[in-house]
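Working notes for the structure below.
The values are calculated or read from the model by the stated rules, or taken from the named source; none is laboratory data. Fair warning: this is a prediction, and the values are worked out from it, not measured in the lab. In this analysis, Cβ positions are derived from the backbone assuming ideal geometry, glycine residues included, and neighbour counts consider all displayed protein chains.
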Amino acid sequence: MASMKQIKKRKRTVESTGKITKAMKLVATVKLQKTKQIATDAVPFFDAMYEKITGIIKRTNVVSHKYLKGNPSGKKAIVVFSSNKGLAGGYNSSIVKKLVGEEAPIKFTPADTLVYAVGSKVRDDLKNKGFTIELDYSEYMEDIKYGPYVLLANKILDDFAAGKINEIYLVYTYFKNTIVHIPRILKLLPFENVEKNVDDDTELLGKKTFVVAKSKYDDDMTMPMNYEMDEEEMLNKMIPQYISTLLYGALTASIASENGARMTAMDNATKNAKELSEKLGVMYNRARQGAITQELTEIVAGANAI
């Protein structure tokens, strides 16, 4: 059995750790309140942009546009949003599992995949697994601004137009509520004529997670989309905005999810520290009582001997 000194030292360490996790929980809670509102406000625009653009493109006559037809010899591109910091429970590991786990909906391998990383944690995990990090955008993960994601969208689309990549996937964590955060895979390009699969009325993506939404105008696919300007010129403007908007929406959802996951993890850690401190307190009292009893026994034995 551990000595009283060891128990007391461990108890102080646990209590100190509990104070740290409690402070981290409060910080995460404050950040969550800010980012939660931003993410909630962005969801309707995110969903509408995805649904409308996919519906428009499927009714567009232009099929040879540089943003609509990939190079069969190109690789898959995944834009992965994760955190730059740890202590967020299973937030980052769930993203890695979604990408390369046994039940991953799409098979991504190091040989045929390029990673555009926004967040260092999953970036490092994928790098250790042999994936090529084509672009590291982790420095912009903490800053909720739209501008950097316009540049990122342009870079990805340039690689797509050049034939370097053939498919573009967005990987992020959907913020459902403070407790539930769902890792998602969304195919951005090229567009496919697949119906939307919705698992509840608050989510755009379904259980398959890589489907393309069906527009309400898709019932009559014989009606082409007419543009006031040249079709190619319109697509040159529309698709980059579509990509950058979805990237920004994924950013807001991911940051809110990270803060929610960290708040939950730190809350659980604080509770565990409190429970462990109480158990150590009981152990210390028992050890102390045992030491007192032993001293009394020795005194009585000595007195009897005299």
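Below are the figures for this structure:
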{"item": "Residues located in the range 26-39, provided they are surrounded by fewer than 19 Cβ atoms within 10 Å (Cβ to Cβ) and either more than 30 Å from ILE239 (Cα to Cα) or touching a residue at least 24 places away in the same chain (Cβ under 8 Å) (or both)", "result": "LEU26, VAL27, THR29, VAL30, LYS31, GLN33, ILE38"}
{"item": "Within the range 253-300, considering residues that are touching a residue at least 60 places away in the same chain (Cβ under 8 Å), more than 28 Å from THR21 (Cα to Cα) and not basic (Lys, Arg), the one surrounded by the fewest Cβ atoms within 10 Å (Cβ to Cβ)", "result": "ALA291"}
{"item": "Filter pass, GLY74 being in contact with a strand residue (DSSP E or B) (Cβ under 6 Å, 6 or more places away or on another chain), surrounded by 15 or more Cβ atoms within 10 Å (Cβ to Cβ) and on the phi < 0 side of the Ramachandran plot", "result": "yes"}
{"item": "Among (1) loosely packed, with under 14 Cβ neighbours inside 10 Å; (2) outside any helix (DSSP H, G or I) - the single one HIS65 does not satisfy", "result": "(1)"}
{"item": "Any hit, the range 79-88, residues being among the hydroxyl-bearing types (Ser, Thr, Tyr), in contact with a helix residue (DSSP H, G or I) (Cβ under 9 Å, 6 or more places away or on another chain) and assigned to a loop (DSSP other than H, G, I, E, B)", "result": "yes"}
{"item": "Unmet criterion (only one of (1) touching a residue at least 60 places away in the same chain (Cβ under 8 Å); (2) in contact with a Lys or Arg (Cβ under 7 Å, 6 or more places away or on another chain)) for ILE156", "result": "(2)"}
{"item": "Those residues of the range 36-73 which are under 28 Å from VAL96 (Cα atoms), modelled with pLDDT under 85 and of a type in the set (Gly, Ala, Ser), in sequence order", "result": "ALA42, ALA48, GLY70, SER73"}
{"item": "TYR217 vs. criteria farther than 30 Å from ASP143 by Cβ, aromatic (Phe, Trp, Tyr) and either under 37 Å from the mean Cα position of the chain (by Cα) or at pLDDT 65 or above (or both)", "result": "yes"}
{"item": "Failed condition for ALA88, given (1) touching a strand residue (DSSP E or B) at 6+ places or on another chain (Cβ under 6 Å); (2) among the hydrophobic types (A, V, I, L, M, F, W, C); (3) crowded, with 23+ Cβ neighbours inside 10 Å", "result": "(1)"}
{"item": "Residue count, the range 95-114 (criterion: surrounded by fewer than 17 Cβ atoms within 10 Å (Cβ to Cβ), of a type in the set (Ser, Thr, Tyr) and not in a loop (DSSP other than H, G, I, E, B))", "result": "0"}
{"item": "Residues satisfying the stated conditions in the range 115-145, i.e. of a type in the set (Lys, Arg) and in a helix (DSSP H, G or I)", "result": "LYS121, ARG123, LYS127"}
